[in-house]
Amino acid sequence: MKWQGETICGEVTSSSYNKFDGAEYRTTFKTGYGKYEVSMKPAKNPGIVSSFFIYTGPSDGTPWDEIDIEFLGKDTTKVQFNYFTNGVGGHEKIIDLGFDASQGYHTYAFDWQPGSITWYVDGVQKHKATTNIPTHPGKIMMNLWNGIGVDSWLGAYNGANPLYAYYDWVKYTSN
């Protein structure tokens, strides 16, 4: 499965720090083991996250399993990889990219297999996890959101708007 064509973008708008509109795209179906790829440019601004991930959880009638590629807008020269299994996280890995991801499209991917998750940037392996790996199929998702209340992680959101994260294409290849 591959989505390709025009660029889609998410807009963050805020009329005050207490009101926030984010953007999210998600599949209506779940996918399992395989390779997940995206060509994207994250938004750059303190207090926000641009992401590409798979998720399932209580809203889907399943345990919370998630595999993430996240850009913290406070420093888009880094990417954060993470995953949750049965709601247990704490697997964050921050990678220095050597470039500012908000300045151009790059390909980010993860290959989810029984017993491992391997993350890639522009086809180069950057991280691999092999313990407590998620097992439940999830929905493919992309979103842009602010993290009011998690300033220690994201930095303080300054109310800047509009902000855009650009997603050029997404590809999923099943096993």
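Given the criterion of a type outside the set (Ser, Thr, Tyr), under 29 Å from ALA156 (Cβ atoms) and over 14 Å from the mean Cα position of the chain (by Cα), identify the matching residue among ASN86, ASN45. Explain how you work it out, then say what you get.
Working: ASN86 fails: under 29 Å from ALA156 (Cβ atoms).
The match here is ASN45.
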Filter result (on the phi < 0 side of the Ramachandran plot and open to solvent by less than 10 Å² (accessible area, probe 1.4 Å)) within region 40-50: MET40, PRO42, ALA43, ILE48, VAL49, SER50
ILE54 vs. criteria among the aliphatic types (A, V, I, L, M), touching a Phe, Trp or Tyr at 6+ places or on another chain (Cβ under 6 Å) and at pLDDT 95 or above: no
Extreme residue, nearest to ASN132 (Cα to Cα), among residues of region 81-103 that are surrounded by fewer than 18 Cβ atoms within 10 Å (Cβ to Cβ) and in contact with a Pro (Cβ under 7 Å, 6 or more places away or on another chain): ASN86
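What residue, of ASN158, ASN146, ASN175, is at pLDDT below 90, under 14 Å from the mean Cα position of the chain (by Cα) and not charged (D, E, K, R)?
Values: ASN158 fails: under 14 Å from the mean Cα position of the chain (by Cα); ASN175 fails: under 14 Å from the mean Cα position of the chain (by Cα).
So the residue among ASN158, ASN146, ASN175 that is at pLDDT below 90, under 14 Å from the mean Cα position of the chain (by Cα) and not charged (D, E, K, R) is ASN146.
Could you count how many residues in region 51-80 are in a loop (DSSP other than H, G, I, E, B), open to solvent by less than 10 Å² (accessible area, probe 1.4 Å) and closer than 16 Å to LEU154 by Cβ? Before you say what the answer is, go through the steps one by one.
Going through region 51-80, the residues in a loop (DSSP other than H, G, I, E, B) turn out to be 57, 61-64, 73-77.
Next, only the ones that are open to solvent by less than 10 Å² (accessible area, probe 1.4 Å) stay: 57, 73, 76.
Still in the list and also closer than 16 Å to LEU154 by Cβ: 73, 76.
Total satisfying the criteria: 2.
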Taking the condition of being under 16 Å from PHE110 (Cα atoms) and in a strand (DSSP E or B), how many residues in region 86-95 meet it? 3
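The values are calculated or read from the model by the stated rules, or taken from the named source; none is laboratory data. For clarity, every value in this text was computed on a predicted model and none was experimentally measured. Backbone-built Cβ (ideal geometry, glycine too); neighbour counts: all protein chains shown. When the accessible area is computed, the model is the full protein with side chains, heavy atoms only, and any ligands, DNA or RNA have been set aside. Shrake-Rupley method; radii C 1.70, N 1.55, O 1.52, S 1.80 Å.
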